[in-house]
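The values are calculated or read from the model by the stated rules, or taken from the named source; none is laboratory data. Please read all numbers here as calculations on a predicted model, not as lab measurements. For neighbour counting, all protein chains shown are included, and Cβ atoms are generated from backbone atoms with ideal geometry for every residue, glycine included.
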Amino acid sequence: MNISRIRQMLKFLDNNKLWWFAGEDPYVLSQCPKILRRTFSAIGILVIFISISSAASLAYGVHQILESTSADIVIGIYCGLFVFVLYLFLLHTLSRNVLPTDNAKWSGRLISYTLRIGFLIFLGFLVAQPVSYLFFEKPLENELVAFKKQEIQKVNRKLNLKYAKKLATKRSELKSKNKVLTEIENNNRLKNRELRAVMQRQEESNFFIRKILIQNTLFHFDDNEQVEINVQLVLSSWALSLLLILVFITPAILKILISISSDYYRIKRIIETNLINGHFERFKQTYNDILLDKFPEKKLRYTSGFTDAPYNTRLKSKPELKNRNDFLKWLLDEGN
């Protein structure tokens, strides 16, 4: 039973429809060994998974902010398609050039790979945030309660200072003790009203952005922050983010690790060079026919300044210039 399932799985990994999601030519891959075909199928599966998970994660994140089902669906589908097209483009650009070219510097390729992988790391981290929130919602809610308490305490201290200064400015106008007490009571009512307004705003907001900051903050950079950091929560969130980032960069890594000497690139080189050489030979024949028809007496023919036309990576050597003595020697020999 297990053997039959393994065979079915391996057959599924040899599916040419998955190769399209890997951004490669199914015709070329169909002529490659099974191990290469399955590698590109795995890349295709990862691209599909990444696109769907990106759509779901970002839609969930938008729902937490906007609380609009229609906006969630539209933005989620848009983000999923964007990520899908982005991966197709990126994987296509990661394909090695099999045609003859000037030797590119390794530093340039390294910078190119670093920028691509860096962008995928950023994308993976962005998509991981709503997923981490979903996984650690309960501990995050507990941390949020502590944050709300601290926020109320900060507002309360500011309001105490505000109304204390207000009372101090009016102190000279308050001639009796009863007037002072009345002013204090009025100030307390105003302060409590403002505190209730702050608490009401807290109840109406789900603090999604704050929760994202909580699950990624291991150190307080503000000395006034007094909320204790849940180190276990932060490290668990980072671990989940790292796992998703690894998933996001795996298709690119798998593509980069395929050797230029592999059967895939060897077959691709044969197909592409035969195609280009065939077109070039037909171009030369047509061009020479035109020259022969227009200038039959001059016997003109197409020539190139390169030794490897049509790839044009190696210039023909320039004629060697002789000095004056060589010229005179040649001239005297001609006279004889």
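With respect to the numbered conditions (1) out of contact with any Ser or Thr (no Cβ under 9 Å at 6 or more places or on another chain); (2) closer than 30 Å to residue 308 by Cβ; (3) surrounded by 14 or more Cβ atoms within 10 Å (Cβ to Cβ); (4) not acidic (Asp, Glu), which one is the sole condition not fulfilled by residue 277?
With respect to (1) out of contact with any Ser or Thr (no Cβ under 9 Å at 6 or more places or on another chain); (2) closer than 30 Å to residue 308 by Cβ; (3) surrounded by 14 or more Cβ atoms within 10 Å (Cβ to Cβ); (4) not acidic (Asp, Glu), residue 277 is out only on (3).
Restricting attention to region 61-82, does a residue exist that is surrounded by 14 or more Cβ atoms within 10 Å (Cβ to Cβ), at pLDDT 90 or above and under 27 Å from residue 14 (Cβ atoms)?
Within region 61-82, one or more residues are surrounded by 14 or more Cβ atoms within 10 Å (Cβ to Cβ), at pLDDT 90 or above and under 27 Å from residue 14 (Cβ atoms).
Here are some residues: 183, 173, 151, 141. Which one is assigned to a loop (DSSP other than H, G, I, E, B), over 30 Å from residue 85 (Cα atoms) and among the charged types (D, E, K, R)?
173
So which of 302, 264, 311 ends up being surrounded by 11 or more Cβ atoms within 10 Å (Cβ to Cβ) and part of a helix (DSSP H, G or I)?
264
Yes or no: region 203-221 includes at least one residue that is acidic (Asp, Glu), closer than 30 Å to residue 137 by Cα and in a helix (DSSP H, G or I).
yes
May I ask you to list the residues in region 86-110 that are of a type outside the set (A, V, I, L, M) and in a helix (DSSP H, G or I)?
Listed by number, the residues that qualify are 87, 89, 92, 93, 106, 107, 108, 109.
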